[in-house]
1. Determine, from the Cβ-Cβ distance of Glu51 and Ala80 and an R0 of 22 Å, the FRET efficiency 1/(1 + (r/R0)^6), rounded to the nearest 0.05.
2. Need the full-extension length gain, Asn36 to Phe89, defined as separation in residues times 0.36 nm minus the C-alpha distance. One decimal, nm.
3. Sorted by average packing, counted as other Cβ atoms within 10 angstrom per residue and highest first, what order do 15-21, 64-70 take?
4. At a 10 angstrom cut-off on C-beta neighbours, averaged per residue, how do the peptides 72-78, 48-54, 38-44 rank from highest to lowest?
5. What's the Cα-based Rg to Rh of the stretch 14-93, Rh via Kirkwood?
6. Over the chain, average the accessible area per residue using a 1.4 Å probe and give it in Å², no decimals.
7. At a 1.4 Å probe, what is the % contribution of carbon and sulfur to the accessible area of the chain?
8. What is the spin-label model distance, in nm, from Ser65 to Ser9 if the labels are put 7 Å beyond Cα along the C-beta direction?
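The values are calculated or read from the model by the stated rules, or taken from the named source; none is laboratory data. Because the structure is predicted, anything quoted here is derived from the model rather than measured. Glycine also receives a Cβ, built like all others from the backbone with ideal geometry; neighbour counts cover every protein chain displayed. Side chains included, ligands, DNA and RNA excluded: accessible areas come from the protein's heavy atoms. Shrake-Rupley method; radii C 1.70, N 1.55, O 1.52, S 1.80 Å.
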Amino acid sequence: MLFSNLAASPDNQLHCLFSIAIVLFVFCGHEYINPNHRPAGLLWSLSTALEVGLAKELYDGRYGSGFCLVDLAYDLLGMAIAVIVLFTFIKIN
């Protein structure tokens, strides 16, 4: 199941929401530890969300319903939404 239906199923919505949550959580954690390096926090948070999403799809490819690029696309959509939220409410140097 490399490609599935492009409509936002509940699973796809979860991919998007969890990516948003991971990016915001990791960014806030990095901001708490090191507030003077916001661009690095953004990179850490995006790479963490991408790694979690890719690991989940690799797991699904091996043990679950199969690797799905659409799920990864929804992960990327969630990361983009999180970046928009961060740039809207927090000044990234």
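1. Details: r = 17 Å, r/R0 = 0.75.
Efficiency at R0 = 22 Å is approximately 0.85.
2. On the way: separation 53, 0.36 × 53 = 19.08 nm, distance 1.65 nm.
Here the answer is 17.4 nm.
3. Working: 15-21: 19.6, 64-70: 14.9.
Packing order, densest peptide first, comes out as 15-21, 64-70.
4. Values: 72-78: 19.7, 48-54: 17.6, 38-44: 16.0.
Output ranking for 72-78, 48-54, 38-44: 72-78, 48-54, 38-44.
5. The Rg/Rh ratio comes out at 1.04.
6. Numbers: 6020 Å² over 93 residues.
With the other protein chains kept in place, the chain gives 65 Å² per residue.
7. Details: 4380 of 6020 Å².
Accessible surface attributable to carbon and sulfur in the chain totals 73 percent.
8. Distance between the two pseudo-spin positions: 0.3 nm.
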